[in-house]
Amino acid sequence: MMNAVLEKIAEIGIVPVVSLDSPDQAVPLGKALIAGGIPVAEVTFRTEAAEESIKRLSSELPELLTGAGTVTTVDQAERAAAAGAKFLVSPGFNPAVVKYCADSGILITPGVNSPSQIEQGMELGLSVLKFFPAEQSGGVKMLKAFAGPYGGVKYIPTGGIDAKNMTEYLSFDKVLAVGGSWMVKPDMIRAGRYGEITSLCRDAVMTSLGFELMHIGVNEPDAGTSMSDAEKMDDLFGFKVKPGNSSNFAGACFEFMNTQYLGDHGHIAVGTIDVGRAAAYLASKGVATRAETEKRGPAGNLVMAYLDVEIGGFAIHLIRK
């Protein structure tokens, strides 16, 4: 079973990598991240403000999952954990640091970009590793190459990832989440542009989920009417009929149900990169999935579910794109 902190990181999907010049910046930044829908921060030990910043975030914003990044020594690992960091991240694989964390029960995702480093991590019981520097180390193609011999390992790629390429990573099932700093650039923090940070976080969340209208399902009284209406769409617009067991499609966008199903009028299918992460995001907005409609893949991951809301008489269901 995956660590609860890693499960939360997987639900969020994005880990902002934060560098702070002053602890006074910590709480305003944390509030901006929460408001933007990304309640997690990796505070790097690149500055003297890191330790105190982690303390303030951990005590004043417990709803923010606060971790420590750029941890390169055992001393930093000790200080970060004592300050309240829930997870540690290192740029490379330092055996002394990783062993200390493993022996002390401290969650760490060390940086790797080679088979030998992955095997070192596996030897110490780690199944989630940081892939760094991601783009410079071969990007998604390299991760797919790793997946063959190391199928049980997942990664948090960081380095060269931004709004333009993160969906390529997040679409790969061996990627737990991505790390980046494009929404929390140091100059924005120094200038106190927290509203801009919140806006960038919101944009990043939407991009990471990739919501897209897939098709509209129309409830019909019987199979004959379903086929008749599908054929009309084909005749009028050239949307080819694709018969099914419970419905008939006209093209890819219109589904005519053989019987009344969920929704007064029918349903709207919304595609997403990751149904599990989408469900977690929607749960944060007070919308849950209907458990009896959930379908899962071979690995236990959620691949389809109806929501417990209707819009305009249409039920909504999520499907993986």
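Figures for the structure shown
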read-out	value
Mean separation of Cα contacts under 8 Å (6+ apart) over length of the chain, as relative contact order %	13 percent
Cα extents of segment 66-162 along the three principal axes, largest first (Å)	38, 30, 17
Highest-fluctuation residue, Ala81, Ala223, Ala191 considered, GNM on the chain with Cα pairs under 10 Å	Ala191
Helix-derived mean residue ellipticity, 222 nm - over the chain, DSSP H n ≥ 4, -39500 (n - 2.57), to 500	-11000 deg cm²/dmol
Euclidean distance between Cα centres, segment 302-321 to segment 1-52, Å	31 Å
Net charge over other residues, Cβ less than 15 angstrom from the Cβ of Glu123 (K, R count +1; D, E count -1)	-1
Pairwise FRET efficiency - Glu60 versus Asp187, Cβ, R0 = 22 Å, nearest 0.05	0.35
Selected from Phe254, Phe132, Phe211 as most flexible by GNM, with the chain as the system and alpha-carbon contacts under 10 Å	Phe254
Mean separation of Cα contacts under 8 Å, 6 or more apart, over the residue count of segment 146-269: relative contact order %	21 percent
Segment Lys164-Thr225, extension gain: residue separation times 0.36 nm, minus the distance between their alpha carbons	17.5 nm
Cα shape, segment 158-288, gyration tensor, a/c 1.5 rule	prolate
Eligible lysines near Lys232 by straight Cα distance, threshold 26 Å, same-chain separation 8 or greater	Lys240, Lys242
Too-long pairs where the Cα-Cα distance tops 22 Å, listed order kept, from Lys130/Lys185; Lys31/Lys285; Lys130/Lys174; Lys185/Lys321; Lys86/Lys130; Lys55/Lys174	Lys185/Lys321; Lys55/Lys174
Computed over segment 4-209, Kirkwood Rh from alpha-carbon pairs, angstrom	16.7 Å
FRET efficiency for Leu236 and Lys144, using Cβ-Cβ distance with R0 set to 56 Å, rounded to 0.05	0.85
About the Cα centre, charge dipole magnitude for the chain (Lys/Arg +1, Asp/Glu -1 at Cβ), debye	580 debye
Separation between Cα centres of segment 135-199 and segment 228-256, rounded to whole Å	40 Å
DSSP-defined antiparallel bridges as percent of all bridges, the chain, nearest 5	40 percent
Length-normalised contact order of segment 1-107 in % [C-alpha pairs under 8 Å, at least 6 apart]	22 percent
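Just so you know, all these numbers are worked out from the coordinates, no wet-lab data involved. Computed from a predicted structure; not experimentally measured. Cβ coordinates were reconstructed from backbone atoms using ideal geometry, including for glycine residues, and neighbour counts include every protein chain displayed.
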